[in-house]
Amino acid sequence: MADTIGTTPPVEGSAADEARDAAVRDLNRLISACDAAAVQRRVGARLDRVLQHALLEESSAADLRVVRPGQPVSRDLRTDRLTVEVDGQDVITRLTCG
């Protein structure tokens, strides 16, 4: 009788599928790395929802984090995230990736 181990297709939602999906998400995150240099001209502008969307698009970031004065932030490195630092009037003071 022929060996049939490994010939059964994986069940949808299996651990292998979940691992593959996680790997794809990680790869997409690396591919969509942030480019803060592309948005430096926006420093000094007042941040609003329209500008947030423009910043995401122009920087190629997958995520955006707004940091206000005195706000605690995590130190995790995320190459796909644009960090927007604003002053008390929501004027952009700094744009960085991470």
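Per-structure values
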read-out	value
Full-extension gain in nm, Asp21 to Val50, via 0.36 nm per residue minus C-alpha separation	7.3 nm
Order by protection proxy (mean Cβ within 10 Å, highest first), peptides 35-42, 70-77	35-42, 70-77
Under 5 Å, built H, 5+ apart or other chain: amide partners of Leu47	Val91, Ile92
Relative compactness, the stretch 35-97, computed as alpha-carbon Rg over 2.2 N^0.38 Å	1.01
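Read the figures in this text as sums done on the coordinates, not as results from a lab. Note that the structure is predicted; figures quoted are calculated from it, not measured. Reconstructed Cβ throughout: ideal geometry from the backbone, glycine too, with neighbour counts over all protein chains shown.
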